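Written below as structure tokens is the structure these notes are about.
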4 protein chains.
Amino acid sequence: MTTVGIIGGTGYTGGELARILSVHPDVEIASMTSRSNAGKKVSDVHPYLKGYVDIDFTDSIGDVDLAFVATPRGVAMEEIPKLMDRGIKCIDLSGDYRFHDIPTYELWYGKRHSDPKNLKNAVYGLPELFRDKIKGADLVANPGCYATATILACAPLLKAGIADPLIDVDAKSGTSGAGMTPSERTHHAHCGESVIPYSVGTHRHTPEIEMALKMFSGVEPEVLFVPNLVPIVRGILSTCYIRLTADLREDEVQAIYQKQYEGEPFVHYVDEPSIRDVVASNHAQVGVRTIGRRAVAFGTIDNLVKGASGQAVQCMNLMLGLKETAGLNAPGLGV
Amino acid sequence: MTTVGIIGGTGYTGGELARILSVHPDVEIASMTSRSNAGKKVSDVHPYLKGYVDIDFTDSIGDVDLAFVATPRGVAMEEIPKLMDRGIKCIDLSGDYRFHDIPTYELWYGKRHSDPKNLKNAVYGLPELFRDKIKGADLVANPGCYATATILACAPLLKAGIADPLIDVDAKSGTSGAGMTPSERTHHAHCGESVIPYSVGTHRHTPEIEMALKMFSGVEPEVLFVPNLVPIVRGILSTCYIRLTADLREDEVQAIYQKQYEGEPFVHYVDEPSIRDVVASNHAQVGVRTIGRRAVAFGTIDNLVKGASGQAVQCMNLMLGLKETAGLNAPGLGV
Amino acid sequence: MTTVGIIGGTGYTGGELARILSVHPDVEIASMTSRSNAGKKVSDVHPYLKGYVDIDFTDSIGDVDLAFVATPRGVAMEEIPKLMDRGIKCIDLSGDYRFHDIPTYELWYGKRHSDPKNLKNAVYGLPELFRDKIKGADLVANPGCYATATILACAPLLKAGIADPLIDVDAKSGTSGAGMTPSERTHHAHCGESVIPYSVGTHRHTPEIEMALKMFSGVEPEVLFVPNLVPIVRGILSTCYIRLTADLREDEVQAIYQKQYEGEPFVHYVDEPSIRDVVASNHAQVGVRTIGRRAVAFGTIDNLVKGASGQAVQCMNLMLGLKETAGLNAPGLGV
Amino acid sequence: MTTVGIIGGTGYTGGELARILSVHPDVEIASMTSRSNAGKKVSDVHPYLKGYVDIDFTDSIGDVDLAFVATPRGVAMEEIPKLMDRGIKCIDLSGDYRFHDIPTYELWYGKRHSDPKNLKNAVYGLPELFRDKIKGADLVANPGCYATATILACAPLLKAGIADPLIDVDAKSGTSGAGMTPSERTHHAHCGESVIPYSVGTHRHTPEIEMALKMFSGVEPEVLFVPNLVPIVRGILSTCYIRLTADLREDEVQAIYQKQYEGEPFVHYVDEPSIRDVVASNHAQVGVRTIGRRAVAFGTIDNLVKGASGQAVQCMNLMLGLKETAGLNAPGLGV
């Protein structure tokens, strides 16, 4: 059986990878590393994994076929060259390998990139847009959660050549997207009865969205991205305000979306996308409405699944030649 | 002492009016009407008013100086002509008198207007924009909750003549804005862990926002309004995407807002508007950020106070020549 | 392949059954009935099932090996005799068959029981307590959600013969437990920032808890049951206040629990039971603390899975001779 | 005008004191101290106080008539002796002066008490039970939030001499009760969809509840106290399981409560206490139900108002000979 390891298994995306992989039919979790918890049982740190993951956290990943790197930003680019040199395929969930363009990375992430060689070859891991490249990749940069929801919602209009490049995105995320470290913003008494916009126009997913959409459509949008923290645990709704450059009826625009995602196992056009319909699953829903020459495109995902660990497993399946839906074939909760 | 009555005292805005007016220093609640609860003690239906409102619900409002009409849409325009004929000043919270323009009313509300005479003379009750008119009014149309938050956020840029008229508004509202009648959308299991967009481009506050902004600024915007239900009880955040027609630095744009609302007792420019800072109060916060020639303007209010009953009391104070802040002089909760 | 049908597929438990069964390796959903939605695609009513359940709602269940009856109370006892007569095994999720004792049913449910014959043979479907009986059953009465969490938490102490029979239970439930019909209590503006106790001492799960605990332990407790609605969507925490009749150290009491549930695939002793660790899964966690001769026992489940549809599938697996964990082998979400 | 100061003005209770006192008709906030924010405008740290509190945070409190001490535990007993020596009346919100009995303090708070002299004279500040003592006090120990809700719910039964001393309390608190410092437990992704019991049987409010109830009733109860964090921001529901030592009908027991709190401005007997009816106000609601000889008593408050800062202002009013309700005379929000 194929073996995989998780570097950085303490956080939410690390735990979520283990949750999904522990019941994957074709791979086995051989190791999970953690700086703070090495030596402890994984299921003592993540009690929901009791009976599913029966290993201890270790310092190093050992001998595996593929590694998921779920470390903080900046750490991944230290770890990945070593893994690549050992011939281990890698999926980076941290953001370190999302830009082919070093200046863009350094501008938005505020630090030097220490692994330009692998950066050049990393494939952006959004299967619905770049499936073939992912299949042949040794290193996949797993997309950001906001980026996934937004790119899926905007891609069809840009690809169809009918979108003005100035796009405003108002995205709403559950609090698990902020990770497991407590902060003032995610303190319940602060955020539990509020909607909190932050990083207006300066969020790091902005250039990622622009880059991926350009790669896919040939058109480079200028995205004004406004993320909002909403008091739900899991789920993202990305609302994209796009002006159309052609006169189309609403149903014609909707048909573009339907055609784009026809046959996709995890991305679906629906008239009314719903967070609850995708939550706890790797599914995404997209929808679009038009008012004259103005379109509103919606994308919903579970930020920890299609927005992180589920999408990483989908990429893994492609990279390893497994069935793309293996281990991910389950509906959202609905309620 | 001045006496006031509340027509439609069972619902959320009726109860909220009673909550505020019960401790108002200059007026007395003489009557509250209710079709369904006539004969019952008000404080049995609204137990939080025990010790504050010691009257029973009645069928008719009796002899009062001013009436608040908090009925469903369509009922108000039956009641108000009768009240006006008796010389009772009226504040309508229902939406029936917000448009001077009958065709706009009939288009968006889907019914004939039965009181064109009073409609013509009704004043739109947003004090920060139309204070002088409200002072002289006998009939005030109290603004909608979404409309209040959005108009306050957009008005300064339109007035300054630097806004493109195509404006996209992404508004988030707490569930109390939907009123007290249970529905699928406000069913907790449905909305409690979700963000639900609805009435995309078709919400009735759209023409209200356009009309009020035009009256105030002379510029008629074309608003694409997208409301979202978020799982909080009270509060609205309205996020307005506005393109600028001139090159201004962010601080110059912010100065426009500061100047617009300077000296206002209830509307404040802050860099980071917060729902919790205004909740349970009549205060509003507005803020604005710019990225190049694109602005994002924010408005926050408590939908039941500045977005409904508090603003109605503010209008009442102006109509009756009382201190504008009487009965409303309290900070938001903060936490 | 074994075929199953769901009678009453519109509601939350019906949808949840379909969600689980649609990816069950050994059974196939042959039919789902609905009075209100017959003729519609199941995945139009439950969009999260798109790609998983590709049938229409029908009026009748047709020819199946086993039927899940997820109708309102009172309807099940009309349907089940007909199904039993056709030789179809049944699992009733409605509550109609939980009492062998007709007077208890009629006292607490307030209506005559129309199917005493099958009532007599129905088996109470809590596998951890009555596994062998379920294996041989043709009709299983699936336990209530509160009952499941409470019985699992209390059973070990009663079985051990060290519990005073007067037990106070303070249970907290997410709002999905109230079903899909909107009501004042589940209206978000009413319950979203509150904790609402209801049916104090009169909830119908009270006699069910007493009956099951007596069947299992031989001791009949007198349970004072206080349910509370809490503003979460899924999950129950049942807190049981039990006085001990013997002097035991805390670790000795905890050992009783560990031993009771040792080897169980779905019920686990942990020191700090957590709703999030079991949510979206068929797992339950129980814990116990003691202060002198007073014990506090905790039980947590997802009310729609182990508290309803998941447990029903677990019973189905036993009745059909399948692996008990088939289709249910997944961890809780954790986050 | 009487001047007051707030020592420790950065936290939630400090901000809440300022929110209430800023519109109090008879006192003026002369100073607010803060270690971390000295020199900053109070309204920059607490933006909701803009227009209401126009002073800067300072290092020391200066010359005031009365001081509120809202520091962390252990700091108060350093500050208060100095204030008392200067003839400043003090209200301590920290817990340092709640026990007359030094060993109890040292056992539950785990440190030596450095101010036994003032401890001896401190009065427990629950006006409904100890009004006369508070009137004459120079130092008041403001009750804990859980303690307030629980004591008000239990006191009538103990006073009536019909309660068994073994009482189980299951209390549910909003997250603002945990203060402003982020922690794992109050991290939204952790607690936002959960109910989290903690400190089972070991919470510091346990001996406080026992002491206050004994002082008031002469009967010393043995309380098993189980606090639960629930995902609401403000509000406590304390559910108290009490066995009766006499046969009384439910309405007789309820009459005991009605009589106990008759005429109280802030504590009310109602059949169904509701957090929303008291939230944002200084009101408390209590209720009681009986099932045979078992009673369930409920108490609800806003933890930051009647559970902290509002109750402190109520005590201040009594200490200064002001009207007890001054500055607190407002209904709860209801919605």
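The values are calculated or read from the model by the stated rules, or taken from the named source; none is laboratory data. As the structure is a prediction and not an experimental result, all values here were calculated from the model. FYI the Cβ positions are ideal-geometry reconstructions off the backbone, even for glycines, and counts take in every protein chain you see.
Key figures
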{"item": "Flag if D:A212 is buried (at least 19 other Cβ atoms within 10 Å of the Cβ) and at the interface with chain C (Cβ under 8 Å from one of its Cβ atoms)", "result": "no"}
{"item": "Residue in segment A:164-182 that is free of Cβ contacts under 8 Å to residues at least 24 places away in the same chain and touching a His at 6+ places or on another chain (Cβ under 9 Å) present", "result": "yes"}
{"item": "Tally, over segment B:285-316, of residues that are charged (D, E, K, R) and facing chain A (nearest Cβ under 9 Å)", "result": "2"}
{"item": "Flag for D:L237 being of a type outside the set (F, W, Y) and over 30 Å from D:H24 (Cβ atoms)", "result": "no"}
{"item": "Identity of the residue in segment B:36-54, buried (at least 24 other Cβ atoms within 10 Å of the Cβ) and not in a loop (DSSP other than H, G, I, E, B), that ends up farthest from the other protein chains (Cβ to nearest Cβ)", "result": "B:V42"}
{"item": "Near pairs, Cβ below 9 angstrom, 6+ apart or cross-chain, from segment C:250-270 (without any contact (Cβ under 8 Å) to a residue 24 or more places away in the chain and more than 21 Å from C:G327 (Cβ to Cβ)) to any residue that is surrounded by fewer than 20 Cβ atoms within 10 Å (Cβ to Cβ) and of a type in the set (D, E)", "result": "C:Y269/C:E262"}
{"item": "Selection count where residues are surrounded by fewer than 21 Cβ atoms within 10 Å (Cβ to Cβ) and touching a helix residue (DSSP H, G or I) at 6+ places or on another chain (Cβ under 8 Å), scope segment D:55-65", "result": "2"}
{"item": "Filter result for C:T150 (in contact with a Phe, Trp or Tyr (Cβ under 8 Å, 6 or more places away or on another chain), surrounded by 23 or more Cβ atoms within 10 Å (Cβ to Cβ) and of a type outside the set (G, A, S))", "result": "yes"}
{"item": "Meets criteria (more than 14 Å from chain D (Cβ to nearest Cβ) and assigned to a helix (DSSP H, G or I)) for A:K120", "result": "yes"}
{"item": "Hits in segment C:229-247 - residues which are surrounded by 24 or more Cβ atoms within 10 Å (Cβ to Cβ) and β-branched (V, I, T)", "result": "C:V230, C:I232, C:V233, C:I236, C:T239, C:I242"}
{"item": "Neighbours by Cβ (under 6 Å, 6+ apart or cross-chain): first from segment C:183-211, in contact (Cβ under 8 Å) with a residue 12 or more places away in the chain; second of a type in the set (K, R)", "result": "C:S194/D:R276; C:V195/D:K172; C:V200/D:R289; C:E208/C:R98"}
{"item": "Scope segment B:13-26; condition among the hydroxyl-bearing types (S, T, Y) and either under 12 Å from B:V45 (Cβ atoms) or surrounded by fewer than 24 Cβ atoms within 10 Å (Cβ to Cβ) (or both); matching residues", "result": "B:S22"}
{"item": "Filtered residue count, segment B:315-334, keeping only those that are farther than 20 Å from B:Y257 by Cβ and in contact with an Asp or Glu (Cβ under 7 Å, 6 or more places away or on another chain)", "result": "5"}
{"item": "Meets criteria (touching a strand residue (DSSP E or B) at 6+ places or on another chain (Cβ under 6 Å) and of a type in the set (A, V, I, L, M, F, W, C)) for A:V267", "result": "yes"}
{"item": "Residue list for segment C:19-35, restricted to those being over 25 Å from A:V279 (Cα atoms) and in a strand (DSSP E or B)", "result": "C:A30, C:S31, C:T33"}
{"item": "Complete set of residues in segment D:317-335 that are touching a helix residue (DSSP H, G or I) at 6+ places or on another chain (Cβ under 8 Å), crowded, with 21+ Cβ neighbours inside 10 Å and away from every other protein chain (no Cβ under 14 Å)", "result": "D:L318, D:M319"}
{"item": "Residue list for segment B:15-31, restricted to those being within 14 Å of chain D (Cβ to nearest Cβ) and out of contact with any Pro (no Cβ under 8 Å at 6 or more places or on another chain)", "result": "B:G15, B:E16, B:L17, B:A18, B:I20, B:L21, B:H24, B:P25, B:I29"}
{"item": "Selection count, segment B:229-244, where residues are out of contact with any Asp or Glu (no Cβ under 8 Å at 6 or more places or on another chain), at the interface with chain A (Cβ under 9 Å from one of its Cβ atoms) and without any contact (Cβ under 8 Å) to a residue 60 or more places away in the chain", "result": "1"}
{"item": "Check on B:G287, small (G, A, S) and closer than 24 Å to B:A330 by Cβ", "result": "yes"}
{"item": "Number of the condition not met by B:P165 [criteria: (1) of a type outside the set (A, V, I, L, M, F, W, C); (2) within 14 Å of chain C (Cβ to nearest Cβ); (3) surrounded by fewer than 20 Cβ atoms within 10 Å (Cβ to Cβ)]", "result": "(2)"}
{"item": "For D:P25: the one exception among (1) within 17 Å of D:V140 (Cβ to Cβ); (2) at pLDDT 95 or above", "result": "(1)"}
{"item": "Filter result (among the hydroxyl-bearing types (S, T, Y) and at the interface with chain B (Cβ under 8 Å from one of its Cβ atoms)) within segment A:191-201", "result": "A:S194"}
{"item": "Pair list, Cβ under 7 Å, 6 or more apart: segment D:306-323 residue farther than 18 Å from D:S94 by Cβ, other residue of a type in the set (A, V, I, L, M) and surrounded by fewer than 23 Cβ atoms within 10 Å (Cβ to Cβ)", "result": "D:N317/D:A326; D:L318/D:I134; D:L320/D:L66"}
{"item": "Every residue from segment D:51-74 that is of a type in the set (D, E, K, R) and at pLDDT 95 or above", "result": "D:D54, D:D56, D:D59, D:D63, D:D65"}
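Matching residues to (1) more than 30 Å from D:T300 (Cα to Cα); (2) within 15 Å of the chain's Cα centre (by Cα):
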| site | (1), (2) |
| --- | --- |
| C:S94 | yes, yes |
| C:L129 | yes, yes |
| C:K135 | yes, no |
| C:A147 | no, yes |
| C:T150 | no, yes |
| C:A171 | no, yes |
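Residue-by-condition table, conditions (1) in contact with a Leu (Cβ under 7 Å, 6 or more places away or on another chain); (2) closer than 29 Å to A:G177 by Cβ; (3) surrounded by fewer than 24 Cβ atoms within 10 Å (Cβ to Cβ); (4) not basic (K, R):
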position: A:E250; (1), (2), (3), (4): no, no, yes, yes
position: A:K259; (1), (2), (3), (4): no, no, yes, no
position: A:E264; (1), (2), (3), (4): no, yes, yes, yes
position: A:V279; (1), (2), (3), (4): yes, yes, no, yes
